[in-house]
Every structure is written in C-alpha cells, then in structure tokens.
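**Student:** The structure follows.
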Amino acid sequence: MKLSDIGSERIVLILGAPRSGTTWLAKIFDSHPDVLYRHEPDTVLRATDLPWACSRADIPLHLDDARAYLAELIGTATVKTAGSLPMFPKRYENLPVRLLRHALVYALRAAALNRHGYRLGRTVPVPDMLDPARHRKLRVVIKSVGSLGRAGLFAAALPQAKVVLIVRDAWGQIASMRRGVALGKFDGALPIAELVDPQRATRYGLTPAQFATLPEVEQLAWNWAILNEKAIDDLGGLDRVMVLRYQDLCEHPEQQARELLAFAGLSWEPQTEAFLRRSTSHAGPDRYYAVFRATSATPDRWRQDLSPEDQRRIHAVVRATSLAALCPEFNG
C-alpha cells in the first residue's frame, strides 16, 4: 500500500489564513506518535489548474483534479514538508530509521543555508520509510495556509477526511502579518493588490475598484473576512469539520488539544502533553515563526501593535460580516 493510496478517513486537513496559529496547531498533531505530518506541501507543489477560490457550483468540475492533487501532496516529502522542526519520535519508525531520517533532515537544512545547496532542500526527498497498511492507527495531517478558497473542494475530494479550520481574530492576524513585513519575513509587500474573492465581496457592495482605494489595513481586513467566511460557509453542514478559534486554543490549550485529537480519532499521549506544556510556557525570545512562546499573552499583543484608528477600521469591517459572531469580545 502506497502512502498516496491511504483512505481519506485517515487524513486530517488543517486550514487557516497565514499567521493564524496553523503551525502551532499542526505541531500539536505532529507531536502524536501515530501522525505523519506534511507541512504546507502546496507551497512546494503548486496546483495551477485548480481555482484559487472555487465556488460550490464548480466543485464537481474540479473533483478529479483535486483528488489527484491531494494524493500528490501526501507524497510530497521534502525537508520543508516532511522535516519541519521540532521532530518527534513515531510508533511507525524504529530507532535506526528515526536516526537516519533526522540526520538527513539536518544535513539538508544545513545545506540550504548555502546558496548552492538551497535547491537540495526543496528537491531531495526525505523518505518516510513506512507501510501504511501495517500501521492502521496512522493519521496523515496536511497543513495549508493557502487553501481557504478551496476548503469546500478539498473536503469534497476527501469525503471522509476530518477538517480543522482555525480562525484567528482579524486584529491579531493583521498585526502579525504587518510585523512579518517589518521584520523582512515576506518577499516584498503584503499580497493584497486585489480581492481574493471578488464574487463574494459583491455581497457587501465592495467592487475591485473600491477595494483598490481602501487603506491597507481595510484591505487586509476584508480579505481576512471574505476568505474565512467563504471557508466556513463552504464547509457548513459537515459533521467532520471543526472550526477552532485561535484565542480558545491559547486560553485553554490542553482542553482544546484533547478535543482536537479525539475528533481526529487519536489518543491522548504523554508526548503531546509534554510538547503542549513546553510550547505554551516559553520564557525566551519571541521568534516570529516559533511554536514555543508564552501563549497566554499572544492573543492581545495586537493592542500594542495596532493604532486606535487601525483597530477601529478593522472593527468596522468585522462587524459588517457574519464573522462578527466569532469575535463577540470585540463587538461593543
């Protein structure tokens, strides 16, 4: 049995906007010894033939291509997709296999620091060295921050997969995105030159021409609202979908983690508990992409990062959309 042939009942999709806590959430899953994790494989293998924002009416037109693409994503094992840190011991690998994989991952990471070795890190495969048929408890977890517009399509293509959609409040997500630009974490300016889903924006009387005249913070807020709203609407009615608020994960990490793993058919493990404890109580420097931080203070950081005027503009956008129900603490 090939990994790409694994049944959709053993797959978990983690979807969310950039800077919404997807990496931390995914690592909670990855810390489980029965999970095989793929970190943003759609950034390594692009699907140029699938629409960025697929309407419900168009889902049947793209189902076959989406199934084939998702199977390829599962098999995309590079140092980025299959070697994200930290790495955890797994029940499906023995000690020699674990040491070999870890050595390869660290060697490729070291090579990528050199401009001549950068390509190796993106192309050299990191073998999983496992047979899914022999490990019936195995779950494959795929994390993406670029698939909100395809959430309904991917859920239809994997009819038994569990989907976890994490939503961070607009204030925190936008402040974090802006901080990333200031730190040089992104290539150039934020990608907000156009509406991500103009068809949905028309519901709010927002045309592409009007959008182009808005201040950056309002453009970010509208794209946050439209993408998350589309994903929630497209996944609505499915009992195999969990919508998770990032703030709830920060405030009640163990409770939420237990519910998430149970939802995916996974047991509660000491290894996950240990990771959760370490990842929520970090006292060192707050690195931008780190999964170790003092999470209790993270949700409210935006209050210092955003000006009162920016906060007001974001508030006005959120209050105008159906997502206001997800942010009751900000609706005054």
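**Student:** Considering only residues of the range 24-51 that are among the acidic types (Asp, Glu) and within 16 Å of the chain's Cα centre (by Cα), which is nearest to Glu72 (Cα to Cα)?
**Tutor:** Asp42
**Student:** Further, regarding this structure: Touching a residue at least 60 places away in the same chain (Cβ under 8 Å), of a type in the set (A, V, I, L, M) and touching a Gly at 6+ places or on another chain (Cβ under 8 Å), is that true of Leu260?
**Tutor:** Criteria not met by Leu260.
**Student:** Could I ask something else about it? Any residue at all in the range 6-22 that's among the β-branched types (Val, Ile, Thr), open to solvent by less than 20 Å² (accessible area, probe 1.4 Å) and assigned to a loop (DSSP other than H, G, I, E, B)?
**Tutor:** Yes, because at least one residue in the range 6-22 is among the β-branched types (Val, Ile, Thr), open to solvent by less than 20 Å² (accessible area, probe 1.4 Å) and assigned to a loop (DSSP other than H, G, I, E, B).
**Student:** Suppose the filter is within 16 Å of Lys27 (Cα to Cα) and either surrounded by 12 or more Cβ atoms within 10 Å (Cβ to Cβ) or under 19 Å from the mean Cα position of the chain (by Cα) (or both); does Thr321 pass it?
**Tutor:** no
**Student:** Sort out which residues of the range 234-257 are touching a residue at least 40 places away in the same chain (Cβ under 8 Å) and of a type in the set (D, E, K, R), and write them in order of number.
**Tutor:** Within the range 234-257, Asp234, Arg240, Arg245, Glu251 meet the criteria.
**Student:** Looking at Leu99, Leu95, Leu63, Leu70, which is the one that is more than 24 Å from Leu25 (Cβ to Cβ) and either touching a residue at least 12 places away in the same chain (Cβ under 8 Å) or of a type in the set (D, E, K, R) (or both)?
**Tutor:** Answer to the selection: Leu63.
**Student:** Say we look at the range 113-128 and pick out the residues that are surrounded by fewer than 12 Cβ atoms within 10 Å (Cβ to Cβ) and over 25 Å from Glu9 (Cβ atoms); which of these is farthest from the chain's Cα centre (by Cα)?
**Tutor:** His116
**Student:** With respect to Phe29, determine if the residue is at pLDDT 95 or above and over 22 Å from Ala151 (Cβ atoms).
**Tutor:** No.
**Student:** Looking only at the range 237-247, count every residue that is more than 15 Å from Trp171 (Cα to Cα) and at pLDDT 95 or above and tell me the total.
**Tutor:** The number of residues fulfilling the criteria is 7.
**Student:** Further question on the same structure: Going through the range 284-318 one residue at a time, which ones are at pLDDT 80 or above and either among the aromatic types (Phe, Trp, Tyr) or surrounded by 15 or more Cβ atoms within 10 Å (Cβ to Cβ) (or both)?
**Tutor:** Answer for the range 284-318, where residues must be at pLDDT 80 or above and either among the aromatic types (Phe, Trp, Tyr) or surrounded by 15 or more Cβ atoms within 10 Å (Cβ to Cβ) (or both): Val291, Arg301, Trp302, Asp305, Leu306, Asp310, Gln311, Arg313, Ile314, His315, Val317, Val318.
**Student:** Okay, moving on. Sort out which residues of the range 202-232 are within 21 Å of Val181 (Cα to Cα) and either in contact (Cβ under 8 Å) with a residue 24 or more places away in the chain or in contact with a Cys (Cβ under 9 Å, 6 or more places away or on another chain) (or both), and write them in order of number.
**Tutor:** Pro215, Glu216, Val217, Glu218, Gln219, Leu220, Ala221, Trp222, Asn223, Trp224, Ala225, Leu227
The values are calculated or read from the model by the stated rules, or taken from the named source; none is laboratory data. Owing to the predicted nature of the structure, the values given are computational and were not obtained by experimental measurement. All Cβ positions, glycine included, derive from the backbone under ideal geometry; neighbour counts span all protein chains shown. Calculation scope for accessible area: heavy atoms of the full protein, side chains included, ligands and nucleic acids excluded. Shrake-Rupley method; radii C 1.70, N 1.55, O 1.52, S 1.80 Å.
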